[in-house]
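Shown below is the structure under consideration.
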Amino acid sequence: MTIQKLVEHQKKTFQQGEISSLSKRKESLLTLKKLLQENEQEICAAIHEDFGKPYSEAYTSEIATILHEIDHHLKHIDKWVKPDQVGNSIFTFPSRNTVYKKPFGTVLIIGAWNYPIHLTFQPLVGALSAGNNAILKPSELAVQTSALIKDLVEQYFSPSVLAVVEGAVEETQELLSQPFDKIFFTGSTRVGKIVMKAAAEQLIPVTLELGGKSPAIVHSDANIEIAAKRIWWGKTMNAGQICVAPDYVLIHQSVKDEFVEMGQQVLSQFYSNDYITGENYTQIINHDHFDRLENLLEQSDVIHGGMTNRETRFIEPTMIQADWDSVIMEEEIFGPLLPILTYESLDEAKAKLIERNSPLALYLFTDSSDVESEIIEDVPFGGGCINETISHLTNPNLPFGGVGHSGMGAYHGKYSFDCFTRLQSVLKKPVWPDPDFRYPPIDTDKLKWLKKLLK
C-alpha cells in the first residue's frame, strides 16, 4: 500500500467512528502494552544492536517508561473523556454549555533515533488514548529498532488503527505532504522547522519536541558531591544522547575546582575506570555522529577524559574547559562531552542564559530558595529540576515540552491526552424564555436595559 493510500485508508476508517470509541481506545492501549511485554527481549536486543546499550538501561528507559504511561492513561481515561460542563455568561443565560474532547483524526508521529522506542511510543499512547489512529515514522538511524517496530506493529495492530512507514528523507517528505489531522515530531530544531513549514502549507497543527543546550547551574552553596553525581548520571545516560541531558555546566567560580575533582571521583565510582559497551555504557549511534563529537573534542581544552575508539564508536565521558565563544557551545552536543563554564554573580549567569535560545531543560543545584526563585522566574526553559537532572520527564503529572527553539506543545500523562485532543464547545439554549430585547430593532430603551444588565 502506498503512503497516500495508507493515509486515505486510515482517514476513511476514522470517519466511520469506531476508532474513537472508549472501548476501542482501551483495547488499543492494552494491545500496545501486550506488544511491549511480550517482546521485551527482542526490543532490548534491537536497541543493543543499534547502540550497544545495556539491557537494564534499555528496559528502564525504553520499555518501563511506556508501560507506566499506558497504565496511567488506562487508570484515568474514563474521567478524561467526559465532557466538561462550564458556566454561563450574561449573554448566554439561560443555557447549558459543554466542552467536548474530540480526537483530531489521523495523526503522524515522527520518532527520534536516540530513544527509538520511547520517543515513538510515548506520544503514541496519547494519540490512542485520545481516540486517533496513527502512522508512525521511526528514525532510520536506529536501523534494527525501526525494522522491529514495523514488524511488531504489523503483528499486533490493524493498519486501520496503527501503521508504520520506514525510510529516510524521501519517505518523510512524502508523509509530510499528506493531509494529516495532527503531526507530532521529535528531533532537531533544524528538522523541526522543515516539519512546521510543511504542516503550515495545509494548516495542520503540530507539536514539536526539539532540543537545545540545557544548562546545569551549580551555585556556590550547592552540595558538590550530589551535583557531580546527578549531573554525570544524567550526562552518561545513553552516552549523552538524550535531548534533556545536561549539555554544559555553568558553575560558580569558587566551587569549580571542587566540582572537577568530585566529577573524576564520581566517574571512577560509576565505571571503575572500565567502560564496557553493552554492560555499563552505550556507544555512539553511528560513525557520522562519532566523527562530529570527536571533531568537537579535538577543538576543546580537555580537563579529564577524552579517550575514543572509532571502531567501537566509544567516547569517554569528558570534562572540558570552555567559555561562551567555544566551538562546543555553538550547538547541542548530544554526546558524553561536558563543557564547564564559570560565573561570579548570579546576575551574570542569568544574563548569559537569557540571551541564548531557551533550552528544553534546566537544572539548578543550590541550597537557596532565593536563588531557586530567581532562576525559575527570570530564565525561560521547557522544564527542569532543582538538585536533580532528567527525572522530571518520568513524572506523568508534569507536562514535558520546550519553548521557542526547543519546541512547542507539551505531553506526558494527561498532557498527552490533551495534546491529541481538540476541544469542541456546544451551547444548548432552551426555547423559553426568549426575551425580545436582544432582537432588532435595538432602540434606546433596549440599549438601556442591556447596559444595566452588564453593570
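The values are calculated or read from the model by the stated rules, or taken from the named source; none is laboratory data. Since we're looking at a predicted model, the values are computed, not measured. FYI the Cβ positions are ideal-geometry reconstructions off the backbone, even for glycines, and counts take in every protein chain you see. In case anyone asks, the SASA skips ligands and DNA or RNA and just uses the protein heavy atoms, side chains included. Shrake-Rupley method; radii C 1.70, N 1.55, O 1.52, S 1.80 Å.
So in the range 44-86, with the set limited to residues that are touching an Asp or Glu at 6+ places or on another chain (Cβ under 7 Å) and open to solvent by less than 10 Å² (accessible area, probe 1.4 Å), which one is modelled with the lowest pLDDT?
Filtering the range 44-86 for residues that are touching an Asp or Glu at 6+ places or on another chain (Cβ under 7 Å) and open to solvent by less than 10 Å² (accessible area, probe 1.4 Å), the one modelled with the lowest pLDDT comes out as Pro54.
Scan the range 315-373 for residues that are charged (D, E, K, R) and more than 20 Å from Gly234 (Cβ to Cβ) and jot them down.
Asp323, Asp325, Glu330, Glu344, Asp347, Glu348, Lys350, Lys352, Glu355, Asp370
Tell me the helices (runs of 4 or more DSSP H) entirely within the range 1-102 that contain at least 2 residues that are within 24 Å of Leu119 (Cβ to Cβ), among the hydrophobic types (A, V, I, L, M, F, W, C) and out of contact with any Pro (no Cβ under 6 Å at 6 or more places or on another chain).
The qualifying helices (runs of 4 or more DSSP H) are 3-15, 22-38, 40-51, 65-80.
Only one of (1) touching a Lys or Arg at 6+ places or on another chain (Cβ under 9 Å); (2) open to solvent by 10 Å² or more (accessible area, probe 1.4 Å); (3) touching a residue at least 12 places away in the same chain (Cβ under 8 Å) fails for Leu353. Which number is that?
Tallying (1) touching a Lys or Arg at 6+ places or on another chain (Cβ under 9 Å); (2) open to solvent by 10 Å² or more (accessible area, probe 1.4 Å); (3) touching a residue at least 12 places away in the same chain (Cβ under 8 Å), Leu353 fails exactly one: (1).
Anything in the range 139-151 that is crowded, with 19+ Cβ neighbours inside 10 Å and in contact with a strand residue (DSSP E or B) (Cβ under 9 Å, 6 or more places away or on another chain)? List them, or say none.
Of the range 139-151, the ones crowded, with 19+ Cβ neighbours inside 10 Å are 139, 142, 145-146, 148-149.
Within the range 139-151, Ser139, Ser146, Ile149 meet the criteria.
Would you check which residues across the range 356-401 are among the aromatic types (Phe, Trp, Tyr) and under 21 Å from Leu210 (Cβ atoms) and list them?
Listed by number, the residues that qualify are Tyr363, Phe381, Phe400.
Which members of the range 348-385 meet the condition of being touching a helix residue (DSSP H, G or I) at 6+ places or on another chain (Cβ under 9 Å), of a type in the set (S, T, N, Q) and farther than 20 Å from Ser254 by Cα?
Passing the criteria: Asn357, Ser358.
Every residue in the range 367-378 that is open to solvent by 10 Å² or more (accessible area, probe 1.4 Å) and either under 15 Å from His219 (Cα atoms) or in contact with an Asp or Glu (Cβ under 8 Å, 6 or more places away or on another chain) (or both), please.
Correct list: Asp367, Ser368, Ser369, Asp370, Val371, Glu372, Ser373, Glu374, Ile376.
Just to be sure before I move on: is Gln144 in contact with a helix residue (DSSP H, G or I) (Cβ under 7 Å, 6 or more places away or on another chain) and in a loop (DSSP other than H, G, I, E, B) in the structure I sent?
For Gln144, the condition - in contact with a helix residue (DSSP H, G or I) (Cβ under 7 Å, 6 or more places away or on another chain) and in a loop (DSSP other than H, G, I, E, B) - is not met.
I would also like to ask the following. Test Phe157 against the criterion of being modelled with pLDDT of 95 or more and open to solvent by less than 10 Å² (accessible area, probe 1.4 Å), and give yes or no. Even if it seems obvious, please write down each step before you answer.
Details: modelled with pLDDT of 95 or more: yes; open to solvent by less than 10 Å² (accessible area, probe 1.4 Å): no.
Spelling it out, it is not the case that Phe157 is modelled with pLDDT of 95 or more and open to solvent by less than 10 Å² (accessible area, probe 1.4 Å).
Would you mind finding the one in Lys414, Lys429 that is surrounded by fewer than 16 Cβ atoms within 10 Å (Cβ to Cβ), of a type outside the set (A, V, I, L, M, F, W, C) and in contact (Cβ under 8 Å) with a residue 40 or more places away in the chain? Steps first, answer last, please.
Working: Lys414 fails: surrounded by fewer than 16 Cβ atoms within 10 Å (Cβ to Cβ).
After applying the criteria, what remains is Lys429.
Do you know which of the residues in the range 383-397 that are among the small types (Gly, Ala, Ser) and over 16 Å from Lys350 (Cα atoms) is farthest from the chain's Cα centre (by Cα)?
Ranking the candidates gives Ser391 first.
Conditions first: (1) in a helix (DSSP H, G or I); (2) open to solvent by less than 60 Å² (accessible area, probe 1.4 Å); (3) within 22 Å of Gln202 (Cβ to Cβ). Ile135 passes all but one, so which condition is the exception?
(1)
Checking Lys197 against (1) charged (D, E, K, R); (2) within 30 Å of Ile183 (Cβ to Cβ); (3) touching a residue at least 24 places away in the same chain (Cβ under 8 Å): exactly one of these is not met. Which one?
Against the list (1) charged (D, E, K, R); (2) within 30 Å of Ile183 (Cβ to Cβ); (3) touching a residue at least 24 places away in the same chain (Cβ under 8 Å), Lys197 comes up short only on (3).
Continuing with this model, one more query. Pick from the range 291-342 the residues that are of a type in the set (Ser, Thr, Tyr) and within 22 Å of Asn273 (Cβ to Cβ): which of them is surrounded by the most Cβ atoms within 10 Å (Cβ to Cβ)? So that I can check it myself, show each step before the final result.
We begin by selecting, within the range 291-342, every residue of a type in the set (Ser, Thr, Tyr); these are 300, 308, 312, 318, 326, 342.
If we keep only those that are within 22 Å of Asn273 (Cβ to Cβ) as well, we get 300, 308, 312, 318.
Working: Ser300: 19, Thr308: 18, Thr312: 13, Thr318: 24.
It comes out as Thr318.
Pick from the range 272-290 the residues that are of a type outside the set (Gly, Ala, Ser) and without any contact (Cβ under 8 Å) to a residue 12 or more places away in the chain: which of them is farthest from Ile47 (Cα to Cα)?
Restricting to residues being of a type outside the set (Gly, Ala, Ser) and without any contact (Cβ under 8 Å) to a residue 12 or more places away in the chain, the top hit is Asn273.
One residue is enough: does the range 56-75 have a residue meeting the conditions touching a residue at least 40 places away in the same chain (Cβ under 8 Å) and on the phi > 0 side of the Ramachandran plot?
Taking every residue of the range 56-75 in turn, none turns out to be touching a residue at least 40 places away in the same chain (Cβ under 8 Å) and on the phi > 0 side of the Ramachandran plot.
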